[in-house]
1. Show that you can apply the helix-only estimate: for the chain, add -39,500 (n - 2.57) for every DSSP H stretch of four or more residues, divide by all residues, and state [θ] at 222 nm to the nearest 500.
2. Quick check for me: using +1 on Lys/Arg Cβ and -1 on Asp/Glu Cβ, what's the dipole size of the chain about its Cα centre, in debye to the nearest 20?
3. For segment 34-43, take each phi angle, set θ = phi - 60°, evaluate the Karplus expression 6.51 cos²θ - 1.76 cosθ + 1.60, and give the result in whole Hz per residue in order, putting x for glycine and proline.
4. If I take every Cα pair under 8 Å that is 6 or more residues apart in the chain, average their sequence separation and divide by the length, what percent do I get for the relative contact order?
5. Tell me, what is the per residue accessible area of the chain in Å², probe radius 1.4 Å?
6. What full-extension length gain, to one decimal in nm, is calculated for LYS37 and ASP9 as 0.36 nm per residue of separation minus the Cα-Cα distance?
7. In whole percent, how big is the carbon plus sulfur part of the accessible area of the chain, probe 1.4 Å, protein atoms only?
8. Can you pull the percent of Cα pairs in the chain with separation above 16 Å?
Amino acid sequence: MANTTEWTDPREVIMVGVLMTNGRLAPRNFTDRAEAKAWAQEGEEVVEWNLVCECDR
């Protein structure tokens, strides 16, 4: 029996990160905006992006 996986539209896959004060993204992944916000330090910004279109949400 073949394994089947549910298809996910890649346009709906949103990445969450933290833009640090030095202008670079934090070198880690976050599961959601709340986790990123809890990790971010003062002056840092939580950002979201889509890897397919690389556009702001």
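The values are calculated or read from the model by the stated rules, or taken from the named source; none is laboratory data. Predicted, not measured: the structure shown is a model, and the values here were computed from it. Cβ coordinates were reconstructed from backbone atoms using ideal geometry, including for glycine residues, and neighbour counts include every protein chain displayed. Areas reflect the complete protein model, heavy atoms only, side chains present, ligands, DNA and RNA absent. Shrake-Rupley method; radii C 1.70, N 1.55, O 1.52, S 1.80 Å.
1. Calculated at 222 nm, the ellipticity per residue is -3000 deg cm²/dmol.
2. Working: 6 positive and 11 negative charges, 29 e Å.
Charge dipole of the chain: 140 debye, to the nearest 20.
3. Each residue of segment 34-43 in turn: 5, 5, 5, 5, 5, 7, 5, 9, 4, x Hz.
4. Working: 72 pairs, mean separation 22.1, N = 57.
The normalised contact order for the chain reaches 39 percent.
5. On the way: 5040 Å² over 57 residues.
For the chain, the per-residue accessible area is 88 Å².
6. Details: separation 28, 0.36 × 28 = 10.08 nm, distance 2.58 nm.
So the chain would gain 7.5 nm between LYS37 and ASP9.
7. On the way: 2450 of 5040 Å².
Carbon and sulfur atoms account for 49 percent of the accessible area of the chain.
8. 51 percent
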